[in-house]
1. By Kyte-Doolittle mean hydropathy of at least 1.0 and Cα axial length of at least 15 Å, which whole DSSP H helices of the chain are selected?
2. Could I have the simple spin-label model distance between residue 69 and residue 137, label points 7 Å from Cα toward Cβ, reported in nm to one decimal?
3. Segment 40-84: D in µm²/s via Stokes-Einstein (Kirkwood Rh, Cα pairs, 25 °C, 0.890 mPa s)?
4. Once every DSSP H run of n ≥ 4 in the chain is given -39500 (n - 2.57) and the sum is divided by its residues, what mean residue ellipticity at 222 nm do you get, rounded to the nearest 500 deg cm²/dmol?
5. According to the Cα gyration tensor, what semi-axes, each the square root of 5 times an eigenvalue, does the equivalent ellipsoid of the chain have, listed from largest to smallest in whole Å?
6. Which aspartates and glutamates, on any chain, are close to residue 2 with Cα under 12 Å apart, when same-chain ones fewer than 8 places away are left out?
Amino acid sequence: MKKLVIDTNALISFVTDRNPAQQDKIAAIFEDAARLKATILCPQNVLTEFVYVLEKIYKHPKAQIRSIIADFTALPGVQMIHTVDFETLLKLWPDKIADFGDAIVAVVCKAEKGARIATFDERFARALRSIGLNTVRF
């Protein structure tokens with residue numbers, strides 16, 4: 001079964017209409033997870049960033065965000081990640097991966113053999129490739 005670590009921008013693309021092509025691509029990953037053909041690994045900080053962006057940028061009501069998170073975390077194939085190897089994190093951030101939240105996503109991927117990262121952030125994807133991590137090719 002494939003393991004995919006989800007980045008915040010992929011979640012944002014899924015629940016908003018900012019980019020319909022990205023929305024369709026990430027929807028396919030969610031469908032695979034619902035059918036237990038894939039495991040989506042979601043670091044806790046991704047949800048923190050997700051809430052912030054939906055509330056502050058997209059002006060979604062908190063109750064709606066709560067509902068989205070409840071549906072997402074209840075989806076078969078979604079696994080929340082609450083721990084991070086800080087020794088590895090501090091080896092990556094800020095020199096190899098400039099964004100702290102992205103570095104956490106990378107550390108989760110490093111800890112899961114064979115995992116890839118689902119992101120639409122090209123700068124992050126280049127940084128991941130430079131440290132030997134794979135991304136989902138959309």
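1. Values: long enough: 20-34 (20 Å, -0.15); 62-74 (18 Å, 0.37); 100-111 (17 Å, 1.67).
Correct list, ordered by number: 100-111.
2. With each label placed 7 Å out from Cα toward Cβ, I get 3.6 nm.
3. Numbers: Rh = 11.0 Å.
Roughly 223 µm²/s, to the nearest whole number.
4. On the way: 7 runs with 73 residues, N = 138.
Mean residue ellipticity at 222 nm (helix-derived): -15500 deg cm²/dmol.
5. Values: eigenvalues 100, 59, 43 Å².
For the chain, the ellipsoid semi-axes come out as 22, 17, 15 Å.
6. Within the straight-line limit of under 12 Å, residue 2 reaches these aspartates and glutamates: 32, 112.
Computed from the coordinates by the stated procedures, all read-outs in this text should not be read as laboratory data. Values in this document were obtained by computation on a predicted structure and should not be read as measured data. Please note: Cβ atoms are built from the backbone with ideal geometry, for glycine as well, and neighbour counts cover all protein chains shown.
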